[in-house]
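J.: Got a structure here, written out as structure tokens. Questions coming.
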Amino acid sequence: MKVLVTGSSGHLGEALVRTLRDLEYQVISLDILESPFTTHIGSITDRAWVRRCMSGVQSVFHAATLHKPHVATHSRQDFIDTNVTGTLNLLEEAAAAGVESFIYTSTTSVFGDALVPPPEAPAAWITEEVRPVPRNIYGVTKAAAEDLCELFFRNQGLASIVLRTSRFFPEDDDNHKVRQEYSGANAKANELLYRRVDIEDVVSAHLLAAERAASIGFRKYIISATTPFLPDDLAGLRVNLREVLRLRVPEYEAEYERRQWKAFSSLDRVYVNERARNELGWRPRYDFQSVVRRLQAGDDMRSALARLVGSKGYHAQVFSEGPYPVE
């Protein structure tokens, strides 16, 4: 089977190419940067080039994008060119080539300001039914690309699945306070409670989406680690996360004490992956509870695939404060 992967020099693109090659797919992989996982170097904003790459392809995995870390270093037009026009080019050529499934990697960042409830309110329970309120050009363009996928399903019959992934990058947090108070590993383990996912689980979601796209047609899914929390916990999460965590995952405390780690004091939202588990049959392996068990056993909390892909960064230059400038 011949598949096309965009953004093949990035974190997810490389992970997809590695996995698809291991499964003996014929992989056409696109990126503006050269890498061992990129077969065609060019830009998805070049429609004629996209057309040539699309020949004979049966499934598209569209992971190429300008990310949130680029907001402070790239123009709004850059975001529109890559995230909207680039996606439109791929959809147009995929539909014309008779592609069977189009899997679009979106982001939970599309929810934007909908993620932060008023100060006295419980934490937000974020499902696919929450209406996005993008807070920057990144979120706006990712939401627009999602709408393009739906349009091409309705009008051209192109089966399209949107996967709203939570954080899977290994780089340090962009929040200065978090970097001061928590080690990188501690912060990432904490995030598995509500807004992080291992890249191996992201890849498995993409493969399942491609497999089931034809029968589903069009659908949006949140792809995030399974939270141990329940809707009844939301008020408590906002005022005393650690107390709720002792109830839901009591075994975490001794391991955290052994490592001199600490949980966050509160959460303002929880991503819910129930739809993806129920409809795609997705079974993410890396959640907070499984990571605590891995830590207890002395294992790395990351998947083997996450360790292989490693850290790439988002910019060629190094910044004096943080992994990237914040808008």
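Readers should treat all values here as calculations from the given coordinates under stated rules, not as data from a laboratory. Here the structure is a predicted model, which is why all the values come from computation and not from measurement. Note: ideal-geometry Cβ built from the backbone for every residue, glycine included; neighbour counts use all protein chains shown.
J.: Evaluate the charge dipole of the chain about its Cα centre and quote only its size in Debye, nearest 20, assuming +1 on the Cβ of each Lys and Arg and -1 on the Cβ of each Asp and Glu.
T.: Details: 39 positive and 43 negative charges, 49 e Å.
Once rounded to the nearest 20, the dipole reads 240 debye.
J.: To the nearest 20 Debye, how big is the dipole of region 184-258 about its Cα centre, given +1 on the beta carbon of each Lys and Arg and -1 on that of each Asp and Glu? Write out the running numbers ahead of the final one.
T.: Working: 11 positive and 12 negative charges, 72 e Å.
Dipole about the Cα centre, nearest 20: 340 debye.
J.: Now for a separate question. So which DSSP H runs in the chain come out at 18 Å plus along the axis (Cα) with average Kyte-Doolittle of at least -1.0?
T.: Length and hydropathy pass: 137-156, 199-216.
J.: How big is the dipole moment of region 17-147 about its Cα centre under a simple scheme where the beta carbon of each Lys and Arg is +1, that of each Asp and Glu is -1, and everything else is neutral? Debye, nearest 20, please.
T.: Dipole size: approximately 220 debye.
J.: Given region 1-123 reduced to its alpha-carbon atoms as identical point scatterers, what log10 I(q)/I(0) does the Debye formula return at q = 0.18 Å⁻¹?
T.: Debye output, listed in q order: -0.92.
J.: Then there's this: Compute the length gained on full extension between L33 and E100: take 0.36 nm times their separation in residues and subtract their Cα-Cα distance, giving the result in nm to one decimal.
T.: Details: separation 67, 0.36 × 67 = 24.12 nm, distance 2.71 nm.
21.4 nm is the gain from fully extending L33 to E100.
J.: Still on this structure, I have one more. Test of the criteria: in region 255-316, which trypsin sites (Lys or Arg not before Pro) are in a DSSP loop and have at most 15 other Cβ atoms within 10 angstrom of their Cβ? Don't skip to the answer; put the middle values down first.
T.: Values: sites: R258, R259, K262, R269, R275, R277, R285, R293, R294, R302, R307, K312; in loops: K262, R285, R302, K312.
Those satisfying the criteria are K262, R285, K312.
J.: Let me ask you something else. Mind giving me the FRET efficiency for E129 and V178? R0 is 25 Å, r the Cβ-Cβ distance, nearest 0.05 is fine.
T.: E(calc), rounded to 0.05, equals 0.30.
J.: Can I ask one more? Please check which bits of region 72-101 a label hung off S43 would reach, taking the label as a point 7 Å along Cα-to-C-beta and the cut-off as backbone N under 17 Å.
T.: Under cut-off, by backbone N: 73-90.
J.: For q = 0.10, 0.13, 0.15, 0.26 Å⁻¹, what log10 I(q)/I(0) does region 223-302 give under the Debye formula with an equal point scatterer on each alpha carbon and no solvent?
T.: Scattering profile of region 223-302, log10 relative to I(0): -0.27, -0.45, -0.60, -1.29.
J.: How much length, in nm to one decimal, is gained on full extension between A114 and R285, taken as 0.36 nm per residue of separation minus their Cα-Cα distance? Intermediate values should be presented prior to the final figure.
T.: Numbers: separation 171, 0.36 × 171 = 61.56 nm, distance 2.78 nm.
The A114-R285 span can extend by a further 58.8 nm.
J.: How large is the convex hull of the C-alpha atoms of the chain per residue, in Å³?
T.: 131 Å³
J.: State the number of lysine pairs found in the chain whose Cα atoms come within less than 22 Å, restricting to pairs 8 or more positions apart or on distinct chains.
T.: 11
J.: Here's a follow-up. With a 10 Å cut-off between alpha carbons and a GNM built on the chain, which of V17, V27, V130 moves the most?
T.: So, out of V17, V27, V130, the one fluctuating most is V130.
J.: Another question, then. Contour minus end-to-end for R307 and M1, with contour as 0.36 nm per residue of separation and end-to-end as the Cα-Cα distance? Please list the in-between numbers first.
T.: On the way: separation 306, 0.36 × 306 = 110.16 nm, distance 2.73 nm.
Between R307 and M1, full extension yields 107.4 nm more.
J.: Given the -39500 (n - 2.57) contribution per DSSP H run of 4+ residues, what per-residue ellipticity at 222 nm results for the chain, rounded to the nearest 500 deg cm²/dmol?
T.: Per the formula, -11500 deg cm²/dmol.
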